[in-house]
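Student: Take this structure first; my questions come after.
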């Protein structure tokens, strides 16, 4: 585990040192197991766990990382249900579809309406933006000057569609964020050591990006692996972030299934982790 990542006291949540100094911010990445119970902490609805189990897992996680919220505040956990009352915190989720669709909360959210997409931004306090992953990149962004945050789900399809750059662009147009002021952290994801892709993926990246040759490593039998984290770093730089504000060296989910869920390593039958970022209601 990189020294840039630390566990919370309860042990089932990682936060990144680069963002820890912002006391008005809550952020981090969930782990596979709850060390107190030994049970899996899956945060994505799936076919092999009752829905109420996942809902309870989500509530427990968000309550843990939002310690500044009053004990009476409740967490909304329904996918796509971003409504809240004045005394509620809000966990905002999307139906993820490997797209380049980015939404601003709450302006882009019709009440009680489920949205499909893979990027979220907000300047609202008491709101937890979330993305679910089990190999894809969870990318958390923050503009400390404007106090704007973003969360992105980026697999190879979303990366090809430049969703990370489009999220930064939406932060600019929606909230007047300056990319040079922003920071970005990539959470646990599959790395180049394990992410073998087909020739169609290699060709698609080479057709679009002049840096594509740096993203692939040749393996035996002519196979190639893709470095998604490196692609994300290139896109963040192109979007205007400075190199020292980009932290894109996460642990590999496929190498460490004792700590993380991995769709690739577990052949599709696995849970989901969450990357979460939000602005505290109090400082």
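Bear in mind that the values in this text are calculations on the coordinates, not laboratory data. In this text, all values refer to a predicted model and were calculated from it rather than measured experimentally. In this analysis, Cβ positions are derived from the backbone assuming ideal geometry, glycine residues included, and neighbour counts consider all displayed protein chains.
Student: Over the chain, what relative contact order in percent results from Cα pairs under 8 Å that are six or more residues apart?
Tutor: Normalised by residue count, the contact order of the chain is 22 percent.
Student: Further question on the same structure: Working from the pairwise distances between different alpha carbons, so that the mean of 1/r is found and then inverted, what is the range 13-279's Kirkwood radius in Å?
Tutor: Evaluated over the range 13-279, this radius sits at 18.6 Å.
Student: Let me ask another. So what's Rg/Rh here for the range 1-41, counting alpha carbon atoms and using the Kirkwood radius for Rh?
Tutor: Checking Rg against Rh, the ratio lands at 1.01.
Student: How many percent of DSSP beta bridges within the chain run antiparallel, rounded to 5?
Tutor: Restricted to the chain, the bridges split so that about 70 percent are antiparallel.
Student: Right, another one. With springs connecting C-alpha atoms under 10 Å apart, model the chain as a Gaussian network and identify which of 135, 244, 143 has the largest mean-square fluctuation.
Tutor: Maximum among the listed residues: 244.
Student: Can you tell me the Rg and Dmax of the range 226-283, counting just the alpha carbons, in angstroms?
Tutor: 15.2, 43
Student: Expected output is a single nm value to one decimal: the length gained when fully extending between residue 157 and residue 257, i.e. 0.36 nm times separation in residues minus the C-alpha distance. What is it?
Tutor: 33.7 nm
Student: Would you mind computing, in nm to one decimal, how far apart the modelled labels at residue 280 and residue 204 are, each placed 7 Å from Cα along Cα→Cβ?
Tutor: About 4.1 nm separates the two model spin labels.
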